[in-house]
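Input: a single structure, listed below in structure tokens.
Read-outs throughout are calculated quantities, based only on the coordinates presented, and are distinct from any laboratory measurement. In this text, all values refer to a predicted model and were calculated from it rather than measured experimentally. Glycine gets a Cβ as well: all are built from the backbone with ideal geometry, and neighbour counts include every protein chain shown.
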Amino acid sequence: MTSAAYFPFLIQALLAAGITGFVIGASHFFGQRAKHSKIKDSAYECGIADDGMVHTRFSVKFYVTALLFMLFDLEIVILVPWTFIYREFLANHIAILGPVLFFIGVLVLGLVYEVKKGALNWEK
């Protein structure tokens, strides 16, 4: 491969680094904790000053639900591209249905385990 083949990747990496640096710099310069900020270290949301605790405690159930959401979000991220290239694999006589069914089976077993452990039961 020539170095010209890596040129689009280099541009994308430089753009990502530049945008990241810009957003972090703007947040630091204009953010709530900036030196010139009048609301330094105070809670502020949607135009209404917060009267309660700044750091509220969340139940572990919120985190478990977030992890389950990420698990099944990952499933979609993997399965949607698979559906687009399935015909190409069939045309090239490549067996892909077995590994995908194994992947789905592992996810279903994980879901059954979570249901049996009561991870989706909010009253517990």
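Overview of values
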| quantity | calculated |
| --- | --- |
| All-pairs alpha carbon distance profile, segment 60-117, 5 Å steps from 0, percent | 4, 15, 21, 21, 14, 10, 7, 4, 2, 0 |
| Positive-end residue, segment 60-117 charge dipole about Cα centroid, Cβ charges, pick of 65, 91, 76 | 65 |
